[in-house]
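One structure is given below, encoded as structure tokens.
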Amino acid sequence: MTTRHDSSLPNGFSIALSPQHAHEPGLRIAPGLEHPLATCHCGAVCIALASPPSEITACNCSLCASYGALWAYYTAEDILVAAGGHTETYACNGQRVDFHRCKVCGCLTHWVPRDPRRGRRGINARLLPRQWLEHARLRRRDGANGGEYLD
């Protein structure tokens with residue numbers, strides 16, 4: 001994999017070109033790292049993050065419980081999703097966010113709000129390197145009953 005730095009990219013991201021993503025125009029990754037930070041099982045969807053998450057959230061709503069996801073929240077400026085058209089979406093009852101999953105391997109990768117004014121995005125933290133999760137605080141959210149945090 002080759003990496004080049006480009007001052008025009010946000011938040012000091014770098015561009016990494018890897019053999020498995022040769023069809024992509026480029027993948028932004030965090031400075032100093034040699035690989036994407038979150039990928040689906042097959043590698044078709046890669047998500048670069050500006051930094052490791054300081055906390056992750058386990059939500060007990062019916063959808064998150066079914067998915068088994070843990071969420072790391074970021075602003076739109078602090079992530080870059082390189083999917084090359086390899087995702088499909090689902091919105092529970094047409095709600096406010098689109099959940100993305102890889103078309104190839106089926107992994108749930110992230111969610112994006114339908115309202116572009118909302119800045120927060122959710123990344124499936126289970127796709128992150130394990131060492132990044134060891135130091136993150138686990139929060140429990142009661143999404144089934146109003147959305148309050150239980151801690």
Open item on the list: Could you go through the stretch 70-83 and let me know if any residue there is over 15 Å from the mean Cα position of the chain (by Cα) and not β-branched (Val, Ile, Thr).
Closed with: no
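Results for (1) of a type in the set (Lys, Arg); (2) part of a loop (DSSP other than H, G, I, E, B); (3) in contact (Cβ under 8 Å) with a residue 24 or more places away in the chain, shown as yes or no for each residue.
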{"site": "44", "(1), (2), (3)": "no, yes, yes"}
{"site": "52", "(1), (2), (3)": "no, yes, yes"}
{"site": "64", "(1), (2), (3)": "no, no, yes"}
{"site": "72", "(1), (2), (3)": "no, no, yes"}
{"site": "81", "(1), (2), (3)": "no, no, yes"}
{"site": "105", "(1), (2), (3)": "no, yes, yes"}
{"site": "110", "(1), (2), (3)": "no, no, yes"}
{"site": "116", "(1), (2), (3)": "no, yes, no"}
{"site": "132", "(1), (2), (3)": "no, no, yes"}
Task: Failed condition for residue 128, given (1) at pLDDT 90 or above; (2) in contact with a Cys (Cβ under 9 Å, 6 or more places away or on another chain) - done: (2)
TODO: Select from the stretch 134-151 the residues that are open to solvent by less than 100 Å² (accessible area, probe 1.4 Å) and not in a loop (DSSP other than H, G, I, E, B) and list them in ascending order.
DONE: 138, 139, 141, 142, 143, 144, 149
- [ ] Can you give me the number of residues within the stretch 91-126 that are surrounded by fewer than 16 Cβ atoms within 10 Å (Cβ to Cβ), within 17 Å of residue 44 (Cβ to Cβ) and not charged (D, E, K, R)?
- [x] 3
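The values are calculated or read from the model by the stated rules, or taken from the named source; none is laboratory data. Being a predicted model, the structure only gives us computed values, none of them experimental. Cβ coordinates were reconstructed from backbone atoms using ideal geometry, including for glycine residues, and neighbour counts include every protein chain displayed. Note: areas computed on protein heavy atoms with side chains; ligands, DNA, RNA excluded. Shrake-Rupley method; radii C 1.70, N 1.55, O 1.52, S 1.80 Å.
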